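Notes follow the structure.
Just so it is clear, none of the values below were taken in a lab; they were calculated from the coordinates. Just so it is clear, the structure is predicted and the values come from calculations on it, not from any experiment. Here Cβ is always computed from backbone atoms with ideal geometry, including for glycine, and neighbour counts include all displayed protein chains.
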């Protein structure tokens, strides 16, 4: 940290928040709010005279509130840069600090938040994690029994720079505990609170146990666990060392802690699975190894950065295996536990990786993107004709479209990721997506429904999830109806209502509208745009009198090949139960309405030509003779 | 899906108080691996009273008593029977009023019609597979037609005799078998001198207000009923029933302008280690003041 502070090209801004992020990869503009410290950074030399003079004491959050700090404080002694801050909520304005600061004159109560805009090329998010508060679990009695402490409190208690100078004492009476229990998985691997495994707590429990054992050789330590996970280099060896040192490992998650009210000793009730019976051991102190949870303001930061969060609230990566450092927004990277829980080596590796990914952007003049971006036909956009619209901008998850009345909508190419939501939403066919134009889609639909359309199940699949699901169903040899015909679009947001009408107009037996599960969408909110449209379509078809099940909406992830095959088979069953004749009558009855609705699509440039072309296409395909030379 | 953490076993009272072989985790394992016969014979299948102490504690949110109930159902279908001590209806006394049917948390008693001496009559019949032996129906029956061996009204009454001592007030403590989680607390209760008589009952819902009145009538100075904390009753709603009964009794004392403090109802939770000592001491002090 000190090295970073000295580096000529590194600026460290502490006590600063990010309020807004505008622009795109390589050209971000970031609004920073440097909060008022009431201490001038250019004058403060970190001597601490103000803190010594300050008469106010408040709980010290860095010491897990087990020690006090002054209202004039520095969050921890190793802070870089070493600047004091006045906590105005606690300050009584006695101005003793001003007196103590004397000629240095660093204290300035007139300071206000400083807001500034900075040009930024790439952003790395490394906001880390927070801790689960075990006081919501009544069974462990945290906050009620004084000698039940959390792992972070233990960390301060046995730290040589901590409030007790490394002397482990019981909060109830200040004596050294002789018997200590460590309970793992407090609030993690627990569906009631956090379903995930917090990754590093097993090693952390072992580390603390070994540390205590080295400090107090006659201490008796037990670790209660469900499973011990030591899957890193040298970790299993460390676990073995702990066992050889005489640390007791008890397999069994305690269900209850009770306290003796006179001695404040604790009784941990658990099953000892190896013995197969309930054991009740007495301890002087219990440490709860609490779960790691996302930072409380992660939601806020996620919306400022325009990125997505995975289930649970961690920042989502572009691809869980192949691009774990990149966020779905170009130019924003994720390092460390804010993306998913990591121990120190993995966090360091992720940090280096993020820095090198960001360096690629800073060192290049040009940035290559996928060519599937959206483009606006200026003459068709009604905004250019002075009308209020902006539907495309609302559909865009990246804020890549700017709409101003009197001018045609403008797509910022560098920001567009090619989900196609705007294209499908535009009511005037004024936007197209390169490589996924209406004409190209139409030709595909026509070709696949050229023969016996009433027997076909037409599937629209999103590139990232349901297409992968279909692929997995194939490679895993999950059998599904051979009547399925599918096409790929980038996102369910691109699945234009016109395509569905066209498929039904051509006489498709059933249509599947499939995409990602809501939190998995690779285009941030693309799935929501698609899902809203699917809901509207479902209502429309219901009103039209279409048999239920002919239009089906399913969210299928790339790992759900079994679900894909099940859905297709169910759709086949629905069609079978309707019967060919009934299906045919229904298709014919709905055809005029579908034709009316699909007509809008033919207005798009190139669609009529494509339609004329595709009318001949199936005939050529089927009559093509194979000349194998015989 | 159970990952065998053992939380259910450590919260369960049965394994601690009744049957060391009782283990819901192992039963879930048998269910997952489809070991049928052993599961049907396991005491876990038959002893679970669906108190659901384990359900809110389970990190996988498994409704364990529901699973055990299903196993029990299968076991009954396969011809296995419960080994529990169940209640017995004396048909000579039963009037077929149906109060027991309404009281039972397990739907064990039901009314049947049977011909006796040429006349059709209604009787209560208890389904032995469903009865958990809590004795709530015994307390509820207005004519004493139901009995549970060991804790019938006569058995309880015979335990209530304390030789009156001049200086020391006498106290009867009805203690629910399940309410004191820690063995030390039970031992402590037993260690009081002769003037404190401890009577074990299967559930505080077994308490008949008449018992308390009988005790006071026979010259005993105070009655304490010790049950489980709300939501922790071993027999689903026994402590709720006893709460109603005791507050009714309290109101009755009020109407008769008698001192209601002579009958107390305390609810001890699973984490209230050592609380029973305070409760008994407090009551004794209060009684002592009164006697003096």
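List of remarks:
- Efficiency of FRET from Cβ geometry, residue A:543 and residue A:231, R₀ 60 Å, rounded to 0.05: 0.60
- Global form of region A:484-526, assessed from the alpha-carbon gyration tensor, a/c cut-off 1.5: prolate
- Placing a label point 7 Å from the Cα of residue A:488 along the Cα-to-Cβ line, the residues of region A:416-443 whose backbone N sits under 18 Å from it are A:417-421, A:433-438, A:440-443.
- Working ranking of peptides A:305-316, A:179-190 by packing, defined as the average number of other Cβ atoms within 10 Å per residue, highest first, is A:179-190, A:305-316.
- Here each label is just a point 7 Å from Cα along the line to Cβ, and for residue A:600 and residue A:165 those points are 7.8 nm apart.
- Between 0 and 90°, nearest 10: helix A:235-244 axis offset from chain A longest Cα axis: 40
- Nitroxide proxy distance, nm - points 7 Å out along Cα→Cβ at residue B:288 and residue A:407: 9.1
- The relative contact order of region A:14-68 comes to 22 percent, based on Cα pairs under 8 Å that sit 6 or more residues apart.
- Partner shielding of A:457-464 amounts to 0, given as the average count of beta-carbon atoms from other chains within 10 Å of each residue beta-carbon.
- Chain A: relative contact order as a whole-number percent, Cα under 8 Å and 6+ apart: 10
- Stretchable slack from residue A:238 to residue A:375, in nm (0.36 nm times residue separation minus alpha-carbon distance): 43.5 nm
- With respect to chain A, whose longest principal axis is taken over its alpha-carbon atoms, helix A:561-578 is tilted by about 40°.
- Helical content of chain B, expressed as a calculated mean residue ellipticity at 222 nm, amounts to -11000 deg cm²/dmol (DSSP H runs of 4 or more residues, -39,500 (n - 2.57) each, divided by residue number, nearest 500).
- Crossing angle, helix A:466-475 versus chain A [Cα axis fit, 0-90 degrees, rounded to tens]: 80
- Cα gyration tensor shape of region B:110-221, rounded if a/c is under 1.5, else prolate or oblate by comparing a/b with b/c: oblate
- Compared with the alpha-carbon gap, the fully stretched path from residue A:136 to residue A:4 is longer by 43.5 nm at 0.36 nm per residue.
- Treating r as the C-beta distance of residue B:259 and residue A:173 and R0 as 51 Å, the FRET efficiency rounds to 0.80.
- Residue-span extension gain [residue A:344 to residue A:62] - 0.36 nm each, minus C-alpha spacing: 99.6 nm
- Other protein chain C-beta atoms within 10 Å of residue C-beta, averaged over A:249-257: 6.
- With contacts taken as Cα pairs under 8 Å at a separation of at least 6 residues, chain B carries a relative contact order of 15 percent.
- The overall shape of region B:47-142 is prolate: from the C-alpha gyration tensor, with semi-axes ordered a ≥ b ≥ c, the ratio a/c is 1.5 or greater and a/b exceeds b/c.
- Set of region A:169-205 residues, backbone N closer than 20 Å to the point 7 Å along the Cα-Cβ line of residue A:517: A:188-199
- Counting Cβ atoms of other protein chains within 10 Å of each residue's Cβ and taking the mean over peptide A:136-143 gives 2.
- Förster-model FRET efficiency, 25 Å R0, residue A:116 and residue A:353, C-beta, rounded to 0.05: 0.30
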